[in-house]
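Participant: Can you read through this structure? Questions will come right after.
Any read-out appearing in this document is the output of simple, stated calculations on the displayed coordinates, not a laboratory observation. The model shown is predicted, which means the values in this text are computed figures rather than measured ones. Every residue, glycine as well, gets a Cβ built from its backbone with ideal geometry; the counts of neighbours run over all protein chains shown.
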Amino acid sequence: MHNEHWSEGQSWSCLPHAVACFALTFWIQANVGVAWSAAPLALGLAFMACESGFVWDAEARRGRSYTGWIVGGKLVAWGKWRAVPTASAVQLERTRESMMNRRGAPRSVKIDSWELQWQDERGKWHPLHDFTDRHLAQSALAAVRQSLNC
């Protein structure tokens, strides 16, 4: 199985997890002892190093928008795999979000993004991944389109 991988770098979607771990660290230091606070501190630092991206399995014709880490050259991530039927239409939908979103941007900040989508037999579009880098989005679109039309 060969997976194509597009990494978008550090993910701010893990920031709430990191903040919760750091809060737990301080609570444990105050109430239990400094030695016990190492575990939530390490976990909080790990969440600060989270990456996000998209993985496409061309053979199985499925993709996964993920959040996770690269550990020893291997992707350790979470995210649901989504199967795309053969010969489905795929497209990029450009959006300019201007409200608080999953990346944590306030309303005054507008984020350009390109959502990779596929169309089912009823004509409904389904998201695969929301890219913030146009070149990565175009590369992923080309790879997905090529594997679906084989």
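Participant: How large is ³J(HN,Hα), in whole Hz, for each residue of the range 47-54 in order, when computed from phi with the Karplus curve 6.51 cos²θ - 1.76 cosθ + 1.60 and θ = phi - 60°, using x for Gly and Pro?
Facilitator: Coupling constants for the range 47-54: 5, 5, 9, 4, 10, 10, x, 9 Hz.
Participant: Arrange 2, 129, 135, 17 by Cβ neighbour counts within 10 Å, fewest through most, would you?
Facilitator: By the 10 Å Cβ count, ascending, the order reads 2, 135, 17, 129.
Participant: For the chain, what relative contact order do you get, as a whole percent, if you take Cα pairs closer than 8 Å and at least 6 residues apart?
Facilitator: Relative contact order for the chain comes out at 20 percent.
Participant: At what distance in nm do the modelled label points of residue 23 and residue 10 sit from each other, each positioned 7 Å from its Cα along Cα→Cβ?
Facilitator: According to this spin-label approximation, the distance is 2.2 nm.
Participant: Taking every Cα atom in the chain, find the radius of gyration and the maximum pairwise distance Dmax, and write them in Å.
Facilitator: Rg, Dmax (Cα atoms, Å): 18.5, 61.
Participant: Now, a different point. Restricting to DSSP loop positions (anything but H, G, I, E, B) with no more than 15 other Cβ atoms inside 10 Å of their own Cβ, which trypsin sites (Lys or Arg not before Pro) remain in the range 19-103?
Facilitator: Those that pass, being in a loop and sparsely packed, are 80, 102.
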